[in-house]
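Notes follow the structure.
The values are calculated or read from the model by the stated rules, or taken from the named source; none is laboratory data. Please read all numbers here as calculations on a predicted model, not as lab measurements. Here the Cβ is made from the backbone with ideal geometry for all residues, glycine too, and neighbour counts use every protein chain on show. All accessible areas refer to the heavy atoms of the entire protein, side chains included, with ligands and DNA or RNA removed. Shrake-Rupley method; radii C 1.70, N 1.55, O 1.52, S 1.80 Å.
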Amino acid sequence: MPSSRLKSLSVTLFVSLSLPPWAVQAASPEPVKAVHGMVVTAQHLATDIGVEVLKNGGNAVDAAVAVGYALAVTYPTAGNIGGGGFMTIRFKDGKTTFLDFRERAPQAATKSMYLDAKGDFVKGASTDGYLAVGVPGSVMGFEVARSRYGTKPLSELIEPAVALAKEGFVLEEGDINAFRGRTDRLAKDPAAAAIFLNDGKPFAVGEKLVQADLAASLSSIAEKGTDAFYKGAIADQIVKASAEKGGVLAKADFERYAVRELEPVKCNYRGYDIVSSPPPSSGGVIICEILNVLEGYPISYMGYGAAETVHVMIEAMRHAYVDRNTALGDPDFVENPVSKLTDKAYAKEIRGRIDPFRAGVSATLIPKGFGESKETTHYSIIDDEGNAVAVTYTLNGSFGAGVVAPGTGILLNNEMDDFTAKPGVPNLYGLVQGEANAIAPGKTPLSSMSPTIISKDGKPFMVIGSPGGARIITITLEAILNVIDHGMNIQEAVDAPRIHHQWLPDKVFMEPYALSPDTRKLLSAMGHDVEIDESWTIWGQATGILVGGESLADIEAGGGARYNGAVDSRIGAGAARGY
Ligand code: DON
């Protein structure tokens, strides 16, 4: 070997040996650092509004409410008041809670409402137009959060969103990306087209999006509270449009809408306390189930992206998604085996069924009798006192059902597609689900949304979540593994390419570059069917905060920044900002 090559080899060896094992330096920008508070959202104007609330003495819940309303204006593909979502809160004293403000099925909904006379699934019925709409929960959710745990008046928190809707905001490249490919869908609904298209054409960078009707709806909520939405003119306008266009929403559905405050799901992974979404989300339960399985393997030692690491991740996902798709549903309608699924003994049993050298076969796991660009958004906030809030909320598909009730400016969700329209028929996200998630009046469809807060030794450690349909669970999980097991900093952890398995179809989906050709060969030899999925929108957009340092190594070394925020590089218009 020529001496110059020898020299460079020894330099490389020296550098890699002298760095601590966790000092990975991936190709990601530095996390954003702040001392008093951090807000990470999918749209920078909404982030700024959240930071302003914190600076003005509001707490993380106040900021979450203001951001929720702001995203309804600046991020119309997913930010909403016509949809629903979940909020996980960890208070400064360590107490935790969870608000379920997801959509409920209208009273006139039936189990077979998306099937034709022959019993076949009618494509589009659960995703397009008013029949796809569930009773929205966001307005009630934000108000319950604010009145129970916030400190600021509602009008103060909505006001910035009203101004943005009324005066409009200039669209940047990242904003325009969210509209890409949506023109035909939005053109179908005249009220949606009048707002979200510019004379029938897509908006261009530099143009202004003004939403006068939405400004008026938001102002009436600011003035009259939730009644304006659930008992007044807004509900009337939505019900009227629904009746005229084949929907089944009734005024009584709005009047009876109630938020549920639930105990979050909790588990412990390698000493870290995870708090996440309980049913009607599958998110927290399935993240815990997968983490419990993985805890039995030396993931950190096996290494990021190694075939054996990916193999056990796939197998844990495969087993957990069987449970997700067959056993879980709205807790008011079905018994959810949460304690069994989050039990370490059950995880051990699953490990016993995983062959270390061979891929499992999904078809053999179908339980006896077992007969989604998509859009959601997640934001993470932490305030000066250490109160942390994680919110994931959604219209389900991009721009929801693609309809706006005339006069309201409010895009409506197509969340009904998250139910099992017909056992065995995949939904928008390819999920094949069962009876526990069948449609019933007043029922909430099973979700994957996973707003998650992690603490260590009683102190907040990480706030994390993502959109991504069925992949929300594995996206959130992988960000956690990347930080805890692989030592990545928070930015690298949300940016790293991902893999996903959801039991059915029996395939490993990988984001471009997630696995090297060598690793793919090893996995194929084990029997895995690995497919590159280039549809970028489905890989989610995580937003995370790490407390005490940008990575575990930084935290352990001491002296790291208090708050470290990272907005997924897949997000066009987002921002992590603090003060
Ligand atoms: O609740 C759920 O699981 C879905 N409605 C989430 C949809 C979603 O994440 C779409 N975004 N990519």
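For the reader, a short list of remarks on this structure follows.
- For the chain, the Cβ-based charge dipole about the Cα centre amounts to some 640 debye (Lys, Arg positive; Asp, Glu negative; other atoms uncharged).
- Solvent-accessible area of the chain (1.4 angstrom probe, protein heavy atoms only): carbon and sulfur portion equals 56 percent.
- Taking every protein chain into account, the accessible area of region 377-464 amounts to 18 square angstrom per residue (probe 1.4 Å).
- Taken over region 60-180, the convex hull of the Cα atoms encloses 154 Å³ per residue.
- Shape call, region 123-237: gyration tensor on alpha carbons, a/c limit 1.5: oblate
- Projecting the Cα positions of Pro264, Gly424, Ala66 onto the charge dipole of the chain (unit charges on Cβ atoms of Lys, Arg, Asp and Glu, taken about the Cα centre) puts Gly424 furthest along the positive direction.
- From the alpha carbon centroid of region 498-571 to that of region 406-431 is 27 Å.
- Accessible-area ranking of Val170, Val265, largest first, probe 1.4 Å: Val170, Val265
- Unit charges at the beta carbon, dipole of the chain: most positive-side option, Val53, Ala363, Gly329: Ala363
- Translational diffusion coefficient (Stokes-Einstein; Kirkwood radius from C-alpha pairs) of region 262-377 at 20 °C, 1.002 mPa s, in µm²/s: 141 µm²/s
- Share of alpha-carbon pairs per 10 Å distance bin for region 123-188, given as whole %: 15, 27, 36, 21, 2
- Taking the Cα centre of region 331-395 as reference, the dipole from Cβ charges on Lys and Arg (+1) and Asp and Glu (-1) amounts to some 720 debye.
- Sequence ranges 386-398, 538-550, 355-367, 97-109, ranked by mean other-Cβ count within 10 angstrom, highest first: 386-398, 538-550, 97-109, 355-367
- In summary, the convex hull built on the alpha carbon positions of region 229-315 has an orientation-averaged projected area of 9.3 nm².
- Taking all protein chains into account, the per residue accessible area for region 203-290 stands at 37 Å² (1.4 Å probe).
- Most to least packed among 496-506, 328-338 [average Cβ atoms within 10 Å]: 496-506, 328-338
- Cα-based Rg of the chain normalised by 2.2 N^0.38 Å, two decimals: 0.93
- Evaluated at q = 0.16 Å⁻¹: base-10 log I(q)/I(0), Debye formula over Cα of region 176-225: -0.53
- Ordering Val530, Gly465, Met488 by the projection of their Cα atoms onto the charge dipole of region 460-562, which places +1 on the Cβ of Lys and Arg and -1 on the Cβ of Asp and Glu, puts Gly465 at the extreme positive end.
- The relative contact order of region 251-352 comes to 27 percent, based on Cα pairs under 8 Å that sit 6 or more residues apart.
- Computed with a 1.4 Å probe over protein heavy atoms only, the accessible surface of region 31-110 comes to 21 Å² per residue.
- Taking packing as the residue-averaged number of other Cβ atoms within 10 angstrom, the listed peptides 568-578, 193-203 run from highest to lowest as 568-578, 193-203.
- Volume per residue of the convex hull around the Cα atoms, evaluated for region 480-579, comes out as 108 Å³.
- Placing pseudo-labels 7 Å out from each Cα toward the beta carbon at Lys459 and Val210 gives an inter-label distance of 5.1 nm.
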